[in-house]
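Read-outs: derived from the displayed coordinates by stated rules, not from any lab. Note that the coordinates shown come from a computational prediction; the quantities given were computed from them, not determined experimentally. With ideal geometry, Cβ positions are generated from the backbone for all residues, glycine too; neighbour counts draw on all protein chains shown.
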């Protein structure tokens, strides 16, 4: 088939293949890279280290620093939406509760993301960075 195409035909076919491959990479978005791992803030130590874990079926689980939470997420291209979230109702010191509330706000404000093997950047609707999380369970 390749031999039957003119040089302009081969060029058009090559461009179409590049567009298809690039489009597929964008469509994959952060979803494939984020599932399964625990993502948290660098430098946070137990027992109040916050994290989120993305699992199959569009579910998230995690720990806000005081309470466990769960909810949903969806990925379409680079769009990443998290929430609504539900959490247990344990009380903790004010500073821990404030950090937890901020974490939940960040997660539910996320509208896009970019992921690598070790880093997940959560972005707001305007594209500003809400948080940069690190994979906690990287081998």
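Multiplying the residue separation of residue 98 and residue 118 by 0.36 nm and removing their Cα-Cα distance gives an extension gain of 4.6 nm.
For the listed peptides 61-68, 127-134, a ranking on the average number of other beta carbons within 10 Å per residue, highest first, reads 61-68, 127-134. Legend: calculated FRET efficiency, residue 49 to residue 76, from the Cβ-Cβ distance at R0 = 30 Å, rounded to 0.05, equals 0.50. On full extension, the segment bounded by residue 128 and residue 90 gains 10.5 nm, given 0.36 nm per residue less the C-alpha separation.
In summary, the convex hull built on the alpha carbon positions of region 30-135 has an orientation-averaged projected area of 6.2 nm².
Of 110, 79, the sequence from fewest to most neighbouring Cβ atoms within 10 angstrom is 79, 110.
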